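Contents: one structure, followed by commentary.
Just so you know, all these numbers are worked out from the coordinates, no wet-lab data involved. Just so it is clear, the structure is predicted and the values come from calculations on it, not from any experiment. Ideal geometry is used to build each Cβ from the backbone, glycine not excepted, and the neighbour counts take in all protein chains shown.
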Amino acid sequence: MKRIPLVLFALSLIVWVSSCKKDDNPTGNNSSDGTGSIIPMKTGNTWIVRIFSYDTTGAVIISGFDTLSVGRDTLIGTERWYQFGDENNFWTNKSDGLWRQRFGSSPQSPQLVLKYPSSVGDVWTYVESSQTFEVSLASNNTSLTVPGGSFSCYYYRTKQAGATFNLEEDYLKPGVGIIAWNLYTKRSSGLVYRSSRTELISYTLK
């Protein structure tokens, strides 16, 4: 099964790397919508990532670079929400984490997608394309080194409700955002394998 990552919605693949400064020990204190939000939401915030796709043996079959950017913002009621990828999806940070709501032909009410702050073992659900997904926090201090630096991350696991294997693993640094994620696929034979990995190259927070 293939699904879109929590934080990647139909964004264009590009083949260049940002020249913004890398930080091996970011403080995360420059998010505009609350210090330490799990993904800082402000128009112009940008993350440059590299994506690897794998076959069932673990061999890289394709790689490339991508840019993830926070787009325009809008007021919905009294809250400010931001586009992040798909134009029908809007996101905002609240006191309990990152929320999403969808407009367009298949609207959805606001849903908590990434709980933050969160305690190890916390489990919650959200709905995407009529399917229920279960998210859990596996760790709140996983050390991870990627081309963009070394970070202490929140490590989230996502699976379809009732499934026995992870569809996605997300590593996020509060106040910085996306550090890495892994996607998994299950073949008709029952084989589960990592089909892609994404790693942070650099980021710019406004």
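Worth a mention:
- All conditions in (1) farther than 17 Å from Ile178 by Cα; (2) out of contact with any strand residue (DSSP E or B) (no Cβ under 7 Å at 6 or more places or on another chain); (3) surrounded by fewer than 16 Cβ atoms within 10 Å (Cβ to Cβ) hold for Glu128, with the sole exception of (3).
- Residues that are closer than 21 Å to Val113 by Cβ and loosely packed, with under 13 Cβ neighbours inside 10 Å within region 35-75 comprise Arg72, Thr74, Leu75, listed in sequence order.
- Filter result (of a type in the set (Ser, Thr, Tyr), in contact with a strand residue (DSSP E or B) (Cβ under 8 Å, 6 or more places away or on another chain) and either part of a loop (DSSP other than H, G, I, E, B) or under 23 Å from Gly190 (Cβ atoms) (or both)) within region 137-170: Thr158
- Taken over region 188-204, residues that are part of a strand (DSSP E or B) and either small (Gly, Ala, Ser) or within 17 Å of Leu144 (Cα to Cα) (or both) amount to 9.
- Contact map, region 96-113: first residue free of Cβ contacts under 8 Å to residues at least 60 places away in the same chain and farther than 17 Å from Phe84 by Cβ, second residue charged (D, E, K, R) and surrounded by 13 or more Cβ atoms within 10 Å (Cβ to Cβ), Cβ cut-off under 7 Å, separation 6 or more or different chains; pairs are Asp96/Lys115.
- Search result, residues across region 145-190 that are surrounded by 15 or more Cβ atoms within 10 Å (Cβ to Cβ) and among the charged types (D, E, K, R): Arg157, Lys159, Glu168, Glu169, Asp170, Lys173, Lys186
- Among the strands (runs of 3 or more DSSP E) confined to region 52-131, the ones with at least 1 residues that are aliphatic (A, V, I, L, M) and more than 27 Å from Lys186 (Cα to Cα) are located at 73-76, 97-102.
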